[in-house]
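Contents: one structure, followed by commentary.
The values are calculated or read from the model by the stated rules, or taken from the named source; none is laboratory data. Worth saying up front: this structure is predicted, and the values here are computed from it rather than measured. Cβ: placed from backbone, ideal geometry, glycine included. Neighbour counts: every protein chain shown. The accessibility values were calculated without ligands, DNA or RNA, using every heavy atom of the protein model including side chains. Shrake-Rupley method; radii C 1.70, N 1.55, O 1.52, S 1.80 Å.
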Amino acid sequence: MSQEKQSNEQRPEIPFAGVVYGDTIYWGTILSAVVAVIGQVISFLTPDSKISPAILLSRIWEGEKVAGVWQGTGIDRPSGDHWYLSYLTTGEGLAMFGMALGVFVVIPAILASAWVMFTREKWPFFGVLAVIAALITVGSFLGVIPMPVG
């Protein structure tokens, strides 16, 4: 028996719920990265940006906390957790939307995986755990569960 055939026989089968989760995360992350890059390009090419990319990036690379990053950027501190929604027509808003989309994509991935666990895989316990994880993630995303950022 060849080594390749033997190693293929020893690989465990990936559950379909895991494939659904992984594919959703994969394609959602690619989409969010493309949106964020387009936003950054627009931000660098637009002379009248709301937030100077040079200042913003230099403060991030200096390791500033959130409040320190926003000082001197033209917006002292964005109001609200989803400030970028009012700036979607700007490069900065689009870049932040892309990053938020990359974080958000885990929610539909978990819910799709839970649906597969309930319907196809017949794993109700793990489906319930996935729904609970999705609810915790939604709560965090909406700001109900506060994040410890300075």
### Lone qualifier among G93, G80 - being open to solvent by less than 90 Å² (accessible area, probe 1.4 Å), at negative phi and at pLDDT below 95
G93
### Task
Among what's in segment 9-21 and is in contact (Cβ under 8 Å) with a residue 60 or more places away in the chain and in a helix (DSSP H, G or I), pick the residue that is least open to solvent (accessible area, probe 1.4 Å).
A17
### Query
Does segment 33-65 hold any residues that are open to solvent by 60 Å² or more (accessible area, probe 1.4 Å), modelled with pLDDT of 80 or more and aliphatic (A, V, I, L, M), and which are they?
V34, V37, I38, V41, I42, L45
